[in-house]
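The values are calculated or read from the model by the stated rules, or taken from the named source; none is laboratory data. Quick caveat: nothing in here was measured; it's all calculated off a predicted structure. Reconstructed Cβ throughout: ideal geometry from the backbone, glycine too, with neighbour counts over all protein chains shown. We work out accessible area using only protein heavy atoms, side chains counted, and drop any ligands, DNA or RNA first. Shrake-Rupley method; radii C 1.70, N 1.55, O 1.52, S 1.80 Å.
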Amino acid sequence: MKKYLYIANWKMNMPLLSACSFYSDHQQELERIAALPHVELVLCPSYVALSPLHALREKNSHIYLGAQNCASHNQGAYTGEVDALSLAHVGCTYCIVGHSERRQLYGETDAVIAEKITLLGQYDITPILCIGETQEEAMSNRTHDILSVQLEPVLKMQSIQSIVIAYEPFWAIGTGKTPSFTELSILFNWLFEHACKHASWLNVRLVYGGSVNASTIQMLKPLPFIDGFLIGSASCDFSMLKNIVE
Ligand code: PGA
């Protein structure tokens, strides 16, 4: 049976205590849905919640932990940054990089994002690389060009074995809008072929993000070449997350 990745991106919407009670209040149910044969569940809380959630996890937990970002350096005078090794120490096996909010609000470039991916690879943390175009770029039929540029440094890397590529059109994040089934079919078909052509050695999984909820998931799941979903606001509500995953 095909396994779908369900990545919960809690952003800065879950303060530490809310993240811990979300986990402990629903631990049994979270474990149950995470163990379903078609599911791989990744929770991405804030940096400070990673260690407590790691400690709360049972020994053979099916729930994976991911960070929302990491530093583009291993060590040094980088005030406020968190290195990939520390993320590995608090149980992260995934890390989101290049989210559109990081690109737009913090000026992250494709080169900086590529540095982060290289470092994550050193600690066996699978990068979840977010790519996507703005509404304006989509309207002027530049989506494939924009995505090619965002993917270029990463698809040249020989130092990583696996990656999750999350297609998240900027205009679909937190807006309730999603591209149509046909648009996404064309896009995922293109992404699949692009990755095969430029990085055949790489284990690539393709996920979609942007206003994923219990109703959009019905339309999204049958998409060809889709391996999972990156879920923002709906993942902060346990019953919504459960409905999406189940
Ligand atoms: P959303 O966010 O599901 O709230 O649209 C997705 C994301 O930003 O990863």
Cβ pairs under 8 Å, 6+ apart or interchain, first in region 95-114 and within 12 Å of Glu168 (Cβ to Cβ), second open to solvent by 20 Å² or more (accessible area, probe 1.4 Å) and among the charged types (D, E, K, R), ordered by first then second residue, are Gly98/Glu108; Gly98/Asp110; Glu101/Lys11; Arg102/Glu108
Within region 136-177, residues in contact with a helix residue (DSSP H, G or I) (Cβ under 8 Å, 6 or more places away or on another chain), more than 24 Å from Gly66 (Cβ to Cβ) and polar (S, T, N, Q) come out as Thr143, Ser148
If we scan region 162-169, do we find a residue that is farther than 30 Å from Ser86 by Cβ and touching a residue at least 24 places away in the same chain (Cβ under 8 Å)? yes
Residue hits (region 119-140; open to solvent by 60 Å² or more (accessible area, probe 1.4 Å) and within 11 Å of Pro169 (Cβ to Cβ)) are Gln135
When restricted to Ile96, Ile160, Ile146, the only residue of a type in the set (A, V, I, L, M) and in contact with a strand residue (DSSP E or B) (Cβ under 6 Å, 6 or more places away or on another chain) is Ile96
